[in-house]
Every structure is written in C-alpha cells, then in structure tokens.
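Enquirer: One structure is given below, represented as structure tokens, and several questions about it will come after.
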Amino acid sequence: MAFSTAQRGVARLLLYAVGVITIISFVFWSPIPFAPQTTFQGSAGASDQLHLIANGTLGVQKIFAISIPSRLDKRDNIVLGSSLSDFHVEFIDGITPDEINPKTYPYNWNYDHRPVEYAARRAHVNGMQQIVNERLGSAIIMEDDADWDVAIKSQLQSFAIAVRALQGTENAASESPYGHDWDILWLGHCGLECKSDLPSFLTPNDPTILPPHHFLPYWRDPPPLNRPDDSRLTCAISDGVCSIVYAVSFRGAQRILAALSVNPSGIADKIDIGAQFDVSLGRLCGSGYLRCFAPYPSLTGGYRPAAPATKGSDINGLDGDPEKPFDGPIEGPFSNGVMYSTMLNINRILGEEETVLANWDDAPVPEIKPGSIPVIGGSLQAPIAAA
Ligand SMILES: *[C@@H]1O[C@H](CO)[C@@H](O)[C@H](O)[C@H]1NC(C)=O
C-alpha cells in the first residue's frame, strides 16, 4: 500500500482525536467509555471493502506458507486445508541450517541462538524480499503447522472492523480492507503486549473464542483489560511472540527487510538484537518502527497430525533413530488455539456434513453450522493507561 504522507498525517490526527475523546469521555461522562453511539458495525464505507476479505486471498494480495520443500506432508496439510476454506496459498521454501551461507548472517546476529533459528528467521526475511520484489500491497505469511477456524473469513472481517476503528478510518475507503495505516497484523501468536496509551477494541459474542482453560500457555500475561470470555480484544501492540500467522503491508515488508538484513544505518543496533524472527519483530513493533495490531486471544492456532511424538516442528530434529522415524507410540492428531479447527473437521467438510465440531466437548457450542458464524462489530475501549 502506498499511503501518501498526507493520508498518514490525517490518520494520525484522527487517531489522536480518538485518544483524546476517549480520555475526555472517560473522565467526564461515564465509567464505561464509548457507549453505544460509538459501536462499530462495519457498515457505511467499509462494508464494500469488508467483503473483499472473503476473496481467494483473504483480502491481501497473496498468502504464503513457509515450508521446507522436503516436508511434502506439511504442504499437503496446507493445500488441502486452504482449499476447504477457499483461499489460495503459495509456498516460500523453508531453509535448513546446512543450506545457510554463513555470509548471510547479519553483523549483529547473536550466535547464542541456534543455526536452525537463524534459518527460520532467514525464511521469513525471504518472504519480505519476495513481497517487496513483487510489489505486493500486502500479504499473509504463515508457518506450515498453522491451523485456522472454519470461520476464518468471518473472523477476519470482524477483526478488520476492529483494526479499522483503531486506525481511525472505519468508514473511509482504503487500499486494503484492513485499513490504511498498518505494517503488521499479528493474527496467530503465543503472547502479546498491548500499547497502554492507545485505545483497544472489544468484539463481543464471538462463538469462536476458546474458554481460557483451553488456551495454550501464552508467553506474556493477558492484556490488563477487562475481557469477557466470549469477547476478543484487538489492540496496537508493543510486543508479540511466535510468528505463526501474520499479515504484512508492502511498507512493513520494506521496513523489516531494512532492519533485519540490509540495515543501512545501524537500525539493527537499536531495535533488533540479532534474535529469532518473532523476537525481533516484537521489538520492531515495540519501538514504533512498525505499526502492529493483534487480536487476543490469537485468531489462528496450530495443527499436529497423528505421529510419533518425535516427529514435529522442523526446528527440532528427530529425537529417535533417524532410520526409524515412525517408531514409538502414535499421538494426536492435535489442534490448538482454534474452536472449530479446519484440519480436524476435514472429513466432515469433505463429507458435506452441515455442521462442524468444536475441538472440545465443553465448548459453549460443541457443534455449529459454519455459515452461522457472523461478522461482528464492537466498541472502542479506553487506553489501559487511562483506566
Ligand atoms: C482480494 O482482495 C485484495 C484487496 O482488495 C486484493 O488485493 C486481492 O488481489 C484480491 N485477491 C483475489 C484473489 O481476488
């Protein structure tokens, strides 16, 4: 997205106005800021754009999955799953440590980290290189063990209502259906911190939110904001962990490429610590170098097919005998982080059953018609710092 400086200036002004109004309304009128008149339903100008999110690339220009070419089994998962959710994925080749040319290490790489962690970071940076080279306005990048809800298209539209409101452009047309002033939409994560001086957004009555006892351990405390169990929070973030699924704008990809590889002016000394990709990305968000938003809880999750416990992420090798990698008791399949897993419902979807099943028997709605999961609006919340 090529946003003009003037557009960005206007957006910032609007955002400041939202902040000021938030604080004023909080202080003077009511303990519940943003009463019903500031509820966002995604109507007016945005509605002609929200439906673009239901297109074959989820409202961005391309979707990439990072996947080691030899892990054809994982490519099968992603290709089949995305076909059932009706979006299209291209692959970015994941890298194994033996393929690394040591000269590609940035000067500030922290060699305490393992080569496999650098290889993973390098694959994400290759994604940025491709986005910039192809001049993509925005793209989604996922790791190849991602899982997502069967309602991903409705969820992303609800999320877009939230991020557009946080950018202060809920009704204006913009080049992206997700708004005009963002670098990263951190859709799938394992922990985040909200910026405490900016408003957040609450989306209520969402049947796809896991009860907290089914969350995997997050690596950060929950945002210190009141969130009913059936509501999703969206906020501008100052940190994030695990780069499972994220959207990046063209501007964001250029900036990440600058900070994590090209590094023309020592940016990396200040805001990247030569760390794993997700850790560096979190710092780029926290420093204000990138403008990042995320949902809490995470929108997407992870999938592990039935396999011996030793076969798993490519970050970890096979623990057992490499000649017999399928030795040992079979575990799974597992899905975490989503309520109505696409991967676990594959047979139901292929069997043209009307409903899908929740991952857990104690889900508030254990069986649901995917088409009944709505696009949901919500309301802005006062910044944490004002509360
Ligand atoms: C989906 O919508 C986005 C945003 O308008 C657009 O950039 C992209 O090209 C569309 N994808 C497809 C497959 O039509």
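Enquirer: Here is a list of conditions, (1) farther than 26 Å from S154 by Cβ; (2) surrounded by 14 or more Cβ atoms within 10 Å (Cβ to Cβ), and K103 meets all of them except one; can you say which number that is?
Expert: Looking at each condition in turn, K103 falls short on (2).
Enquirer: Say we look at the range 209-252 and pick out the residues that are part of a loop (DSSP other than H, G, I, E, B) and hydroxyl-bearing (S, T, Y); which of these is nearest to F64 (Cα to Cα)? Let's see the steps before the verdict.
Expert: Going residue by residue through the range 209-252, those that are part of a loop (DSSP other than H, G, I, E, B) are 209-211, 215-231, 241-244.
With the extra rule that they be hydroxyl-bearing (S, T, Y), the set shrinks to 218, 231, 243.
Numbers: Y218: 25, S231: 29, S243: 13 Å.
Selected residue: S243.
Enquirer: While we're on this one: Take the residues in the range 357-387 that are of a type outside the set (A, V, I, L, M, F, W, C), part of a loop (DSSP other than H, G, I, E, B) and touching a residue at least 24 places away in the same chain (Cβ under 8 Å), then tell me which one is farthest from G337 (Cα to Cα).
Expert: Filtering the range 357-387 down to residues of a type outside the set (A, V, I, L, M, F, W, C) leaves 359, 361-362, 364, 366-367, 369-372, 374, 377-379, 381, 383.
Filter again for part of a loop (DSSP other than H, G, I, E, B), leaving 359, 361-362, 364, 366, 369, 374, 377, 383.
Checking the rest, the ones that are also touching a residue at least 24 places away in the same chain (Cβ under 8 Å) come to 359, 362, 364, 374, 377, 383.
Working: N359: 9, D362: 15, P364: 15, P374: 19, G377: 22, P383: 26 Å.
Here the residue is P383.
Enquirer: Specify the residue that is surrounded by the fewest Cβ atoms within 10 Å (Cβ to Cβ); the eligible residues are those in the range 181-215 that are closer than 20 Å to Q155 by Cα and of a type in the set (A, V, I, L, M).
Expert: Once the filter is applied, the top-ranked residue is L202.
Enquirer: Can I ask one more? Which one of E170, E175 is away from the ligand (no atom under 16 Å from the Cβ), over 26 Å from N101 (Cβ atoms) and at pLDDT below 95? So that I can check it myself, show each step before the final result.
Expert: Details: E175 fails: away from the ligand (no atom under 16 Å from the Cβ).
Going through E170, E175 in turn, the sole match is E170.
Enquirer: Next up: Are any of the residues in the range 61-81 in a loop (DSSP other than H, G, I, E, B), closer than 30 Å to Y178 by Cα, within 16 Å of the ligand (Cβ to nearest atom) and in contact with a Ser or Thr (Cβ under 8 Å, 6 or more places away or on another chain)?
Expert: Here is the first cut: in the range 61-81, the ones in a loop (DSSP other than H, G, I, E, B) are 61, 68-71.
When the remaining residues are screened for being closer than 30 Å to Y178 by Cα, the result is 61, 68.
The next check asks that each one be within 16 Å of the ligand (Cβ to nearest atom); those that pass are 61.
Filter again for in contact with a Ser or Thr (Cβ under 8 Å, 6 or more places away or on another chain), leaving 61.
The answer is yes, given that some residue of the range 61-81 is in a loop (DSSP other than H, G, I, E, B), closer than 30 Å to Y178 by Cα, within 16 Å of the ligand (Cβ to nearest atom) and in contact with a Ser or Thr (Cβ under 8 Å, 6 or more places away or on another chain).
Enquirer: Applying the selection to the range 182-195, what residues are within 16 Å of the ligand (Cβ to nearest atom) and part of a loop (DSSP other than H, G, I, E, B)?
Expert: The answer is W182, and nothing else.
Enquirer: Further, regarding this structure: Here's a check for you: in the range 131-157, which residue that is assigned to a loop (DSSP other than H, G, I, E, B) and among the hydrophobic types (A, V, I, L, M, F, W, C) is farthest from the ligand (Cβ to nearest atom)? If you could, list the steps in order and put the result at the bottom.
Expert: Taking the range 131-157 first, the residues assigned to a loop (DSSP other than H, G, I, E, B) are 134-137, 144-145, 148, 150-151.
Within this subset, residues satisfying the condition of being among the hydrophobic types (A, V, I, L, M, F, W, C) are 136, 148, 150-151.
Values: L136: 8, W148: 17, V150: 20, A151: 18 Å.
Only one residue tops the list, namely V150.
Enquirer: Condition check: charged (D, E, K, R), assigned to a loop (DSSP other than H, G, I, E, B) and away from the ligand (no atom under 16 Å from the Cβ). Does R255 satisfy that?
Expert: Details: charged (D, E, K, R): yes; assigned to a loop (DSSP other than H, G, I, E, B): no; away from the ligand (no atom under 16 Å from the Cβ): yes.
For R255, the condition - charged (D, E, K, R), assigned to a loop (DSSP other than H, G, I, E, B) and away from the ligand (no atom under 16 Å from the Cβ) - is not met.
The values are calculated or read from the model by the stated rules, or taken from the named source; none is laboratory data. What you see is a predicted model, and the numbers here were worked out from it, not measured in a lab. Neighbour counts are summed over all protein chains in view; Cβ atoms, including those assigned to glycine, are modelled from backbone coordinates with ideal geometry.
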